[in-house]
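**Student:** Just dropping this structure here.
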Amino acid sequence: MKRETVITCVEPNRRAKTMTTVLDGSYQRMEPYNGEEEDEEDDDREIPQESGFIIHVVPEGNKARWNHIEDLDSFFTRMYHYHQNHGFVCMILQEVLELVQLIFVIAFSTFLLHCVDYSVLFKNKPQTSHKTSISDVILPSSECLASMGLVTWICLLVAAIFWILRLLKVVYHCMQYWDIKLFFNIALKIADCDLDNLTWHEVQKRVIEVQKEQEMCIHKRELTELDIYHRILRFKNYMVAMINKSLLPVRLKIPVVGEIIFMTTGLKYNMELLLFWGPWSPFENNWHLKEDYKKLNKRQELARSLSKHILWVGIVNFLLCPLIFFWQILYLFFNYGEIIKREPGTLGTRMWSLYGRLYLRHFNELDHELNARLSRAYRPASKYMSIFTSPTMTVIARNVTFVAGSILIVLLILTVYDEDVLTVEHVLTTMTILGAIIAGVRNFIPDENLVWCPETLLTAVLAHTHYRPDSWRGHAHTQATRAEVAQLFQYRAVYLLEELISPLITPYILCFRMRQRALDIVDFFRNFTIEVTGVGDVCSFAQMDVRKHGNPTWQTDRAAKYDPNQYVADPEKAQMPMSDQYTQAEDGKTELSLIHFTLTNPEWKPPSHAENFVAALRERVRKEVQSGIHGEINPLLASLSSLSSLGPGYNDIVSNIIRSTMVNQPGGPTTSNFINQQPCTSHVSAAGDELLNVKSDILPHAVQRGLNKAEGPVHNEKGFLYGLQQGISNQSLGASVFVSSHEFSTDLVDSRLSVSFPVTRNSH
């Protein structure tokens, strides 16, 4: 059997260098060695030499198939997409059909422009026959080709080149994902038919185990959950940090309208091209920032170079603007035309904006985790936005609906009486327009059963989105707050309009707004990039270091009141922040990201300072619940109890939280006593029933079936914190530790909502 020989060279006071040689057909590589003696069980695998070399002998074959993967970022990203997109067949089928769709759009558009005789179709040309057939409308192929001008041929040539490049990309992806398929089937032992039955968390656990055998990463013996997240989300973490620090120019001031946020798919694509993966980007590969960007004396030179590159990309966007604009029209028309025709009210529905998805995203939060949070916040967000109605617009909308509806019903009755009415010119068009008008103005007419409760609804939204400015507190009823929420939760019609005009606005933003931020961007990469062993260069915010990037108002001075000896005497555990306004993340994003990552990855071993922070938070929440169990009026426990109204899945969570606390309290009160002490009797009774009827060993599985499929693990030892995170929100955890008791109880009692927790404060 072939064997792989690995030689590690250790130099005093230096990290091990990596080199590659070929000896007797075997592959040799270097990895860091800390100089410590290995366990006896590893003596046959690693033999420290006096010369500073360590020789690793690894069997080849299947176990070495994925040994030393050079670009782990791309590999782990493809793994994640493979799992989320349901495997090889679905992914390749989707890409192939997108190629077919592109051919259809180009061919059908050309056909409509040059191969249809519209004078015959609209009966503007006299015909010998009384009835027009399809063959009369379609021109012969020779006439079609003759009618095509130079512009059409240029567009077809560009489209053909683009299609060929897409085809090559699909073939390349096919080979890549076939390798991922083999990795899932052979290394992870996951068959394609079982892919949908496993969560990403379970797949990730297997990857960590496989690393010990395959040694995909040679720089670290063991991978952690954070290492995998770093590699998948390396560039997204940078984007989230830039949005959090208001570095990217996405805010525009328009006369009369005021300040708006403009972030479209095209603009985001150009920014990522310039900053991450383009030929002139600051990154020389997927995992390493160019060395010049780490040098202070190069900042002015790099800023000028980046500014020039931004200008050229803006000019290219301007030159291609007509072509891109035409493509946007075709794409939106074919993609949304039928939906709008069938359901005109679709334009009045809301969706999370692209900016909102970046602003609300935690560091190290995968797409499916973000989607799950925002999906839970969708309904309360829609209700919150719909309660704001203008009395003037309501009166106008009702009268417009009356007039348009009257005309439409008369036309419908006439059509039922005699179908020849449809042949009258513009009758069908008029009916379509009237239907669209009615569907549109209905958005301005409030529901007659609507209850005005903006604070309650906004708090329900924030329980899942987690972030809000201080200006929203107590002002949920104002138009200013609604306008700011609308920037995150926009109308679909606004989204389509922004995407349509994006080719026109993007060159302006690049040339006149983003260029001015070139020096700030260079400074950002230098100041907020750190090198992590075995991972490469990552955004320092993604390390979730509460000491370096934490907000002072989030630190554990309040938790110290519960155990001064533990949290104050030891400076390491005191968590005193070393950050300032420039280095700290806004809106408590560092702390919330740490809490979220800890809860979704309970096996992860955080650094001591992060572990102390979470421990202080856990202790504060536990004391809040315990005080409620011992008969004190406790808003946290009351809100936990009222979660029962949200559904059976939440009952399991509440029961698990309360039981986990009561089990640790010998001689504590009985469930019936606790229930009798709480105000919301009907809600608490449901939680009490669950407490009495469900066994402790069943609860974690019940929680997992209800909530875990999309977001991650539930473990008994961490059920307390995880239950809070799933049932209420990460934000409520932060509120329970860092908000005064008076604020906490006022928000909860007034709103009488299970998720009525204050959220983050701005540091301004």
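The values are calculated or read from the model by the stated rules, or taken from the named source; none is laboratory data. Quick caveat, the model's predicted, so the values are computed rather than measured. Glycine also receives a Cβ, built like all others from the backbone with ideal geometry; neighbour counts cover every protein chain displayed.
**Student:** Return the total of residues in region 64-93 being β-branched (Val, Ile, Thr), surrounded by 14 or more Cβ atoms within 10 Å (Cβ to Cβ) and part of a helix (DSSP H, G or I).
**Tutor:** Matching residues across region 64-93 total 2.
**Student:** Now, a different point. Would you mind stating whether residue 315 is modelled with pLDDT of 95 or more, over 30 Å from the mean Cα position of the chain (by Cα) and either surrounded by 13 or more Cβ atoms within 10 Å (Cβ to Cβ) or not small (Gly, Ala, Ser) (or both)?
**Tutor:** yes
**Student:** Give me the pairs, please: first residue somewhere in region 467-485 and under 25 Å from residue 585 (Cβ atoms), second residue anywhere and among the aromatic types (Phe, Trp, Tyr), beta-carbon distance under 6 Å, and either six or more positions apart or on two chains.
**Tutor:** Taking only residues 6 or more apart or on different chains, the pairs are 481/472.
**Student:** What number of residues in region 209-259 are over 26 Å from the mean Cα position of the chain (by Cα), within 30 Å of residue 189 (Cβ to Cβ) and outside any helix (DSSP H, G or I)?
**Tutor:** Of the residues in that region, 8 qualify.
**Student:** State whether the residues of region 422-442 include one that is over 26 Å from residue 484 (Cα atoms) and of a type in the set (Asp, Glu).
**Tutor:** Scanning region 422-442, I find at least one residue that is over 26 Å from residue 484 (Cα atoms) and of a type in the set (Asp, Glu), so the answer is yes.
**Student:** How many residues, within region 345-359, are under 13 Å from residue 261 (Cβ atoms) and outside any helix (DSSP H, G or I)?
**Tutor:** Residues meeting the conditions: 2.
**Student:** Here is a further query. Which condition number does residue 159 fail, the rest of (1) over 18 Å from residue 109 (Cβ atoms); (2) touching a helix residue (DSSP H, G or I) at 6+ places or on another chain (Cβ under 7 Å) being met?
**Tutor:** The number of the failed condition is (1).
**Student:** So residue 648 clears everything in (1) surrounded by fewer than 24 Cβ atoms within 10 Å (Cβ to Cβ); (2) modelled with pLDDT of 50 or more; (3) not aromatic (Phe, Trp, Tyr) except one condition, right? Which one?
**Tutor:** Result: residue 648 fails condition (2) only.
**Student:** May I pose another question? Which one of 590, 506 is part of a helix (DSSP H, G or I), touching an Asp or Glu at 6+ places or on another chain (Cβ under 9 Å) and modelled with pLDDT of 75 or more?
**Tutor:** Going through 590, 506 in turn, just one is part of a helix (DSSP H, G or I), touching an Asp or Glu at 6+ places or on another chain (Cβ under 9 Å) and modelled with pLDDT of 75 or more: 590.
**Student:** Something else: For region 173-201, give me the residue count where each residue is in a helix (DSSP H, G or I), of a type outside the set (A, V, I, L, M, F, W, C) and either within 23 Å of residue 543 (Cα to Cα) or in contact with a Lys or Arg (Cβ under 8 Å, 6 or more places away or on another chain) (or both).
**Tutor:** Summing the residues that are in a helix (DSSP H, G or I), of a type outside the set (A, V, I, L, M, F, W, C) and either within 23 Å of residue 543 (Cα to Cα) or in contact with a Lys or Arg (Cβ under 8 Å, 6 or more places away or on another chain) (or both) in region 173-201 gives 4.
**Student:** One residue is enough: does region 576-586 have a residue meeting the conditions at pLDDT 80 or above, assigned to a helix (DSSP H, G or I), under 24 Å from residue 369 (Cβ atoms) and assigned by TED's automatic domain parsing to the domain that holds residue 618?
**Tutor:** yes
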